[in-house]
Amino acid sequence: MIHSPDDAALDDLCDALAQRAGETDRSGAWPAEQLRLCGEAGVYRWFLPKEYGGDAWGAEAVVRGYLKLSAACLTTTFVITQRTAACRRLALSDNANLKARLLPALAAGDAFATVGISHLTTSGLHLGAPRLAAERTSSGWRLSGVAPWATGAAAADTLVLGASVVEGGQATGDELLVAVDKHTPGLAVPEPFSLVGVSASSTGAVNLADATVAEEDVIAGPTQKVLAAPGRGASTGGHETSTLALGLAGAALEYLGKEAGKRDDLGEASAALSAEHAELVADLLSIARGEPACSNESLRTRANSLVLRATQAALSAAKGAGYVAGHPVGRWCREALFFMVWSCPQPVAAANLCELAGIE
């Protein structure tokens with residue numbers, strides 16, 4: 001059982017995850033064994049209050065744990081972040097009965113939950129009409145539409161979904177957050193998307209056709225901007241995704257550093273990138289402590305930039321061997337592209353695009 005981010009048990013777990021990362025990427029198979037190992041090690045307890053069986057780790061300790069996990073296997077860690085996002089939304093709910101019903105099993109690793117909320121923030125907002133609509137009924141809420149991005153939905157016992165409230169077919173401006181059981185009639189999970197990287201995360205759409213959710217399964221709302229409502233926790237654009245980027249960059253830079261120990265021509269680049277990484281990790285930890293040295297937006301912009309450059313530097317060091325399928329460096333380069341699109345706020349995307357274009 002892992003008791004802190006400095007625990008040797010975490011290093012052992014990361015070794016086990018890293019040994020499986022290549023095969024998971026090659027097969028595209030859901031990382032069930034990795035997730036089981038994380039449950040046995042107590043990883044899922046880090047994020048939840050003690051009254052529900054959690055360990056209630058502080059934000060800085062969680063970040064340090066995530067940095068190690070994502071350096072070992074980005075796919076597994078990404079899945080865990082989506083599981084954790086669902087658990088935290090539940091834990092922050094005012095619905096005490098719902099929390100008591102779902103959270104103990106989630107903390108113990110006996111159940112799996114995930115989220116489908118991106119359509120309320122960065123995914124599909126330009127389309128105008130709600131992607132997932134909720135209409136009040138005499139027994140609760142009727143959901144129709146699609147949650148376009150959900151990770152591990154086919155494996156989930158509970159899906160935490162965000163929906164836009166409609167009346168008479170018209171959006172009211174309010175939103176709803178609900179816990180939907182996997183056996184709910186009208187809920188369907190099609191084949192997940194085949195992604196450039198982290199494809200084994202089984203990320204794809206969730207379809208709902210007149211799926212009824214009881215009032216007792218409402219997590220929050222109806223209210224405007226339910227994800228940003230007071231007490232509901234961070235929405236997309238927080239520091240969690242930057243944490244994964246810096247974990248992956250750390251793995252690439254560790255490889256580059258080892259190669260630099262054999263080749264003098266890599267030393268200067270390795271030192272410069274490692275120094276930049278250390279500075280960004282320090283900024284990340286300052287945000288986790290509640291004493292931010294920079295904004296989340298600035299951190300994400302710089303983390304995106306670094307993870308792209310660090311993985312490509314590792315590929316350059318690996319030469320042709322790194323371009324052969326199965327080499328970890330090639331996988332890291334593909335996985336780095338993930339951060340350009342996943343929950344990426346428009347100002348961050350614009351800044352990264354300007355950097356790529358050489359525009360200051």
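The values are calculated or read from the model by the stated rules, or taken from the named source; none is laboratory data. Quantities reported herein were computed from a predicted structural model and do not represent experimental measurements. All Cβ positions, even for glycine, are placed from backbone atoms using ideal geometry, and neighbour counts span all protein chains on display. Ligands, DNA and RNA are stripped out before the accessible areas are found, and what is left, the full protein with its side chains, is counted by its heavy atoms. Shrake-Rupley method; radii C 1.70, N 1.55, O 1.52, S 1.80 Å.
Quick check, is Ser164 touching a Pro at 6+ places or on another chain (Cβ under 7 Å), within 23 Å of Thr77 (Cα to Cα), open to solvent by 10 Å² or more (accessible area, probe 1.4 Å) and polar (S, T, N, Q)? No; evaluated as a whole, the condition is false for this residue. Scanning segment 236-259 for residues that are assigned to a helix (DSSP H, G or I), among the hydroxyl-bearing types (Ser, Thr, Tyr) and open to solvent by 20 Å² or more (accessible area, probe 1.4 Å) gives Thr241, Tyr255.
For segment 276-360, please list each of the helices (runs of 4 or more DSSP H) lying entirely inside it that holds at least 1 residues being closer than 26 Å to Thr24 by Cβ and not charged (D, E, K, R). Fully inside segment 276-360 and qualifying: 296-318, 328-337. Taken over segment 311-333, the criterion of being among the charged types (D, E, K, R) and crowded, with 17+ Cβ neighbours inside 10 Å is satisfied by Arg331 alone. Please go through segment 1-17 and give me each residue that is in a helix (DSSP H, G or I) and open to solvent by 50 Å² or more (accessible area, probe 1.4 Å), ordered by number. Those that are in a helix (DSSP H, G or I) and open to solvent by 50 Å² or more (accessible area, probe 1.4 Å): Ala8, Asp11, Asp12, Asp15. Any residue in segment 46-66 that's on the phi < 0 side of the Ramachandran plot and of a type in the set (Asp, Glu): show its pairings with residues that are surrounded by fewer than 21 Cβ atoms within 10 Å (Cβ to Cβ) and assigned to a helix (DSSP H, G or I) at Cβ separation under 7 Å, as long as the two are six or more apart or on different chains. The qualifying pairs are Glu60/Leu285; Glu60/Ala288. The set of residues in segment 38-69 that are assigned to a helix (DSSP H, G or I), under 20 Å from Ala113 (Cβ atoms) and either touching a strand residue (DSSP E or B) at 6+ places or on another chain (Cβ under 9 Å) or open to solvent by less than 30 Å² (accessible area, probe 1.4 Å) (or both) comprises Cys38, Gly39, Val43, Tyr44, Val62, Gly65, Tyr66, Leu69. Scanning segment 76-98 for residues that are open to solvent by 10 Å² or more (accessible area, probe 1.4 Å) and under 13 Å from the mean Cα position of the chain (by Cα) gives Thr81, Gln82, Ala85, Arg88.
Cβ-Cβ distances below 7 Å connect the following pairs, each with a first residue in segment 73-90 that is under 24 Å from His327 (Cα atoms), a second residue that is open to solvent by less than 10 Å² (accessible area, probe 1.4 Å) and aromatic (Phe, Trp, Tyr), and a separation of six or more residues or different chains: Thr77/Tyr66. Here segment 298-310 is the region considered, the condition is being over 20 Å from Thr75 (Cα atoms) and touching a Pro at 6+ places or on another chain (Cβ under 9 Å), and the residue that is surrounded by the fewest Cβ atoms within 10 Å (Cβ to Cβ) is Thr301. One residue is enough: does segment 130-140 have a residue meeting the conditions part of a helix (DSSP H, G or I), surrounded by 20 or more Cβ atoms within 10 Å (Cβ to Cβ) and either of a type in the set (A, V, I, L, M, F, W, C) or modelled with pLDDT of 95 or more (or both)? Looking for residues that are part of a helix (DSSP H, G or I), surrounded by 20 or more Cβ atoms within 10 Å (Cβ to Cβ) and either of a type in the set (A, V, I, L, M, F, W, C) or modelled with pLDDT of 95 or more (or both), one finds none in segment 130-140, hence no. Restricting segment 27-37 to residues that are among the hydrophobic types (A, V, I, L, M, F, W, C) and in contact (Cβ under 8 Å) with a residue 60 or more places away in the chain, the residue that is surrounded by the most Cβ atoms within 10 Å (Cβ to Cβ) is Leu35. The residues of segment 192-206 that are surrounded by 18 or more Cβ atoms within 10 Å (Cβ to Cβ) and outside any helix (DSSP H, G or I), listed by number, are Pro192, Leu195, Gly197, Val198, Ser202, Thr203, Gly204, Ala205, Val206. Assessment of segment 169-181 against the conditions (part of a loop (DSSP other than H, G, I, E, B), more than 20 Å from the chain's Cα centre (by Cα) and surrounded by fewer than 18 Cβ atoms within 10 Å (Cβ to Cβ)) yields at least one matching residue. Tallying residues that are surrounded by fewer than 24 Cβ atoms within 10 Å (Cβ to Cβ), out of contact with any helix residue (DSSP H, G or I) (no Cβ under 7 Å at 6 or more places or on another chain) and not in a loop (DSSP other than H, G, I, E, B) within segment 141-159 yields 7.
Ala271 meets the conditions (1) within 25 Å of Thr76 (Cβ to Cβ); (2) touching a Gly at 6+ places or on another chain (Cβ under 9 Å); (3) open to solvent by 20 Å² or more (accessible area, probe 1.4 Å) in every case but one. The failed one is (1). Contact map, segment 170-198: residues that are farther than 28 Å from Leu103 by Cα paired with residues that are open to solvent by 40 Å² or more (accessible area, probe 1.4 Å) and in a loop (DSSP other than H, G, I, E, B), Cβ distance under 7 Å, separation 6+ or inter-chain. Pairs shown: Ala171/Pro130; Gly173/Gln224. Of all residues in segment 296-330, those satisfying the criterion of being of a type in the set (Ser, Thr, Tyr) and either at pLDDT below 95 or within 28 Å of Glu259 (Cβ to Cβ) (or both) are Thr301, Ser305, Thr311, Ser316, Tyr323.
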